[in-house]
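Novice: What follows is a structure written as structure tokens; I'll ask about it next.
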Amino acid sequence: MSEMDREATLGGRALKVFLVGVPNVGKSVFFNRLTGVNAIVSNYPGTTVEVTRGLASLNGTKVEVTDLPGTYSLGCLSEDQEVTVRAIIKEKPDVIVNVADASRLEQSLALTIQLLELNVPIVMALNQVDFAKKRGLNVNHEALSELLGIPVIPTVATKGINVREVLEVAIKSTLEARRGGEAGHTVESGYGRRRRFRHGQLGREIAILPRLGHRRRVEYSSLVESRVRKLERAFAGYLVGSVVTPRILAEWALEGDAKAVEAAIGGSLPGWLAAEIDAVRRELEWTLGENSSVVMAKERFALAGWITRQVMRRERTKATLQEKLDNFLLSYQTGFPILVLILMGMFALVFLGGGVLERGIAGFFESYVTPLVEWLIGYTWVELVMKAVSSSASQFYGDIVARVVELMAGQFFPIQTLAKYFVVDGLLTGIEAALSVALPYVVTFYLALALLEDTGYLSRIAYLTDLVLHKFGLHGKSIIPLVSALGCNVPAIMSTRILESRKQRVIVTFLITLLPCSARTAVILGAAGYYGGLQYALAIYFVIIGLVALLSIVLSKVIPGESPSMLMEMPPYRVPTWSSLFSKTWIRTREFFKVALPFIVAGSLLLALLEAFNLVTPVLYASAGFMSDVLGLPSITSVTLMYGLLRKEMAIETLLVISNLKLGVSELSLFMTPMQIFIYALVVALYFPCVATFAVIAREFNLKTALLVSLTTIISAILIGAGVYHVYLAISPLAPEPLITLLVNWWTLTS
Ligand SMILES: Nc1nc2c(ncn2[C@@H]2O[C@H](COP(=O)(O)OP(=O)(O)OP(=O)(O)O)[C@@H](O)[C@H]2O)c(=O)[nH]1
Ligand SMILES: [Mg+2]
């Protein structure tokens, strides 16, 4: 293929390559290898829920690669499929790379069969051949290519084997398809087989017509096939110039997938056609006594099974390690104790590892960064000079004069004092708080999560907890979004798309907003745990678990809809690779800070500014009564709750900043008792899903749901916080809180 051909066929734009395949086949690994962009890779189905794009280039051809959510079939019957199907329809890829899994060939092929119906060149990357081989499965890729009529290239994405070759073949196929189409004659494909291309109907768009023995048309059994053809004729007038063929439209229609049909034709069907479709579908269902979408899926699986038997050789192997491990890890007697041990281990890793990091980072700031910054802005030497002046002043004129000299510092060195105000007290304290309170627990949590995901154990947790969760109207699959909520609520809410019903999605989303995400973990462990002790941190977790249990029981009764039983695939066990663990932890931590740092910097500066103009105190005044009477907290905490709306961990960070500004200390334990820190952390953890979470709920569901969720959490936070405080007051004879609150309030409100 010469440069000129390339230019002529693509007109200088990048070639659009879509990666399509069933979940957990390795699309994202493939994508990362091709583009160098990091998409998250995890060993369980449903990792990717949004479209990710990146650029690659091969021998001078520019390529835009798109990583799509995994899907078991084409259509819009479930939400996770929909993203992929809509992207294909809307963006009309030049070529689709169908990533298939050699160890689950049948399942992969059921999707391939549908892809072949699209009006797009398809190239198959037969991935995970290494893993298949280990399990004694050998696939004859040449025979498979012959049967399907498309290029099939065996790959090992994790090792980068044949990844670029797939791209090369994909580019070649596209360019040949286009050239062939324009010339309207037969061309030789790179695979030595002849393919025929012809002008499409009405000559407006090139259609690749399937020919037997080349690109095979999927034939259903005659009962179904006759109905598909009937509808295909009805759709013949539609879709000239689309990647969607009348045939696939007919299949969607027959399956009752009106959403997919409408997405493809960009509008609704005329009444007569809808009626005809309905009649044909009902008649089929009546004849076969089964739901038509089930019929079609069965047909595809039968065909996929037949193809698999033609091309796959199975070697006899002993019981695999996976089977042995599963016997052990999934049985009730051994599975549950191990689960508890593993979860405790993970918690210890986060708590202890995070604590070590927190101390280290805080120490580093105190001994190196803060002195350096103070020295840089010239604050230290001003202070030294002032100290010297005031001490000699006190020698000669007494303490009063020395005090006056000190107070005059701002007049003599206004720049330095202002700089201290903004840079040291505002900005630096904010950044230090973010790095020492939030970062340690975010990093360690993400590392622990990556371990659970990549070993494949996360899905076993889902299986084991299914029994328990069912009592709460949930099923085990929801553990995956729930666990990832411990990292960040936002992607967790998006990943509820893997759940089957809307009811499940709403309930799980509700619960997600209560779970301790990494920002809340920072508050719980970094404040209550660090200053109060482990027992306080654990108590918060218990409160949260109780609330989650209660709420899920209530919600499953209140929200209409059904809770379908679980159908979940067990991904294989794998030894996680360091590079994957680190890159995933890095991507997630980076995301966290990309969103959080600007907030923190702006927030700290704003606080310093407000304080400089004396605007914080009125707010504290106004809220002092509520905070101290209802929650038993010093008024100084009220402003921080507003910051916590933006990001949970900012509450604690701004508390450190503001206490520094108002009281001159940035140690919580110096102005709050452990009980107060506990109540504060509890309220912060519960009171509102952060702004980003609110936005994502509104986007995934609607504003009403988002408001409802927020209201529930705010009310629970106040009720629980107040409840804990008043019960504590009632049972402890000498509660020091009221006194401390009084003192701190007096100090902050008068200073
Ligand atoms: N042994 C082996 N493992 C692989 C290969 N390709 C991917 N994997 C592993 O398979 C798992 C899934 O990979 P992903 O790239 O996340 O799969 P995906 O297709 O993007 O999955 P979804 O986004 O959930 O649809 C990860 O644990 C990978 O490390 C391969 O060629 N060989
Ligand atoms: Mg993926």
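Novice: Find the centroid of the Cα atoms in the range 584-622 and in the range 338-377, then give the distance between the two in whole Å.
Specialist: When both Cα centres are located, 20 Å separates them.
Novice: Could you work out the percent of alpha carbon pairs in the range 1-138 separated by over 21 Å, rounded to a whole number? Don't skip to the answer; put the middle values down first.
Specialist: Working: 3910 of 9453 pairs.
Roughly 41 percent, rounded to a whole number.
Novice: What are the semi-axes of the equivalent ellipsoid for the range 94-173, taken as the square roots of 5 times the Cα gyration tensor eigenvalues, largest first, in whole Å?
Specialist: On the way: eigenvalues 76, 45, 20 Å².
Ellipsoid half-lengths, sorted descending, are 19, 15, 10 Å.
Novice: Can you put Thr617, Thr513 in order of Cβ neighbours within 10 angstrom, beginning with the fewest?
Specialist: Numbers: Thr617 17, Thr513 24.
By the 10 Å Cβ count, ascending: Thr617, Thr513.
Novice: Going by the alpha-carbon gyration tensor, a ≥ b ≥ c the square roots of its eigenvalues, is the range 598-750 rounded (a/c under 1.5) or, if a/c is not under 1.5, prolate (a/b greater than b/c) versus oblate?
Specialist: oblate
Novice: What share of the DSSP beta bridges in the range 1-145 is antiparallel, in percent to the nearest 5?
Specialist: On the way: 7 of 22 bridges.
So the antiparallel bridges amount to about 30 percent of the total.
Novice: Report, in degrees rounded to the nearest 10, the 0 to 90 angle that the Cα long axis of helix 616-626 makes with the longest principal axis of the chain.
Specialist: Orientation of helix 616-626: about 90 degrees from the principal axis.
Novice: Treating the Cα atoms of the range 259-318 as identical point scatterers in vacuum, please give the log10 of the normalised Debye intensity I(q)/I(0) at q = 0.13, 0.15, 0.30 Å⁻¹, two decimals.
Specialist: Here log10 of I(q) over I(0) equals -0.58, -0.68, -1.11.
Novice: How much of the DSSP beta bridge set in the chain is antiparallel, as a percent to the nearest 5? All intermediate terms of the calculation are to be shown ahead of the outcome.
Specialist: On the way: 15 of 33 bridges.
The antiparallel proportion sits near 45 percent.
Novice: So what are the ³J(HN,Hα) numbers for the range 513-523, from phi and the Karplus equation (6.51, -1.76, 1.60; θ = phi - 60°), rounded to whole Hz, Gly and Pro as x?
Specialist: Whole-Hz 3J(HN,Hα) from phi for the range 513-523: 5, 9, 5, x, 6, 4, 5, 5, 4, 4, 5.
Novice: Using each residue's phi in the range 352-362, evaluate 6.51 cos²θ - 1.76 cosθ + 1.60 at θ = phi - 60° and report the 3J(HN,Hα) Karplus result to the nearest Hz, with x for Gly and Pro.
Specialist: Here the 3J(HN,Hα) series is 6, x, x, x, 4, 4, 4, 4, x, 5, 4 Hz.
Novice: How would you rank Met346, Met124, Met296, Met570, going from fewest to most other Cβ atoms within 10 Å of each one's own Cβ? List each step's numbers first, then the result.
Specialist: Working: Met346 18, Met124 27, Met296 23, Met570 15.
Ranking Met346, Met124, Met296, Met570 by Cβ neighbours within 10 Å, fewest first, gives Met570, Met346, Met296, Met124.
Novice: For the chain, what is the mean residue ellipticity at 222 nm derived from helices alone (per DSSP H run of n ≥ 4: -39500 (n - 2.57); sum divided by total residues; nearest 500 deg cm²/dmol)? Walk me through the intermediate numbers first.
Specialist: Details: 35 runs with 462 residues, N = 751.
The helix contribution divided over the chain gives -19500 deg cm²/dmol.
Novice: Relative contact order for the range 598-750: what percent, with Cα pairs under 8 Å and sequence separation of 6 or more? Walk me through the intermediate numbers first.
Specialist: Details: 162 pairs, mean separation 43.0, N = 153.
Across the range 598-750, relative contact order equals 28 percent.
Novice: Can I ask one more? Given the Cα atoms of the chain, and with Rh set as the inverse mean 1/r over their pairs in the Kirkwood sense, what is Rg to Rh to two decimals?
Specialist: On the way: Rg = 31.4 Å, Rh = 29.5 Å.
With Rh from the inverse mean 1/r over Cα pairs, Rg/Rh is 1.07.
Bear in mind these aren't lab numbers, they're just calculated from the coordinates by the rules spelled out. Quick caveat, the model's predicted, so the values are computed rather than measured. No Cβ is skipped: glycine too gets one built from the backbone with ideal geometry, and neighbour counts run over all protein chains shown.
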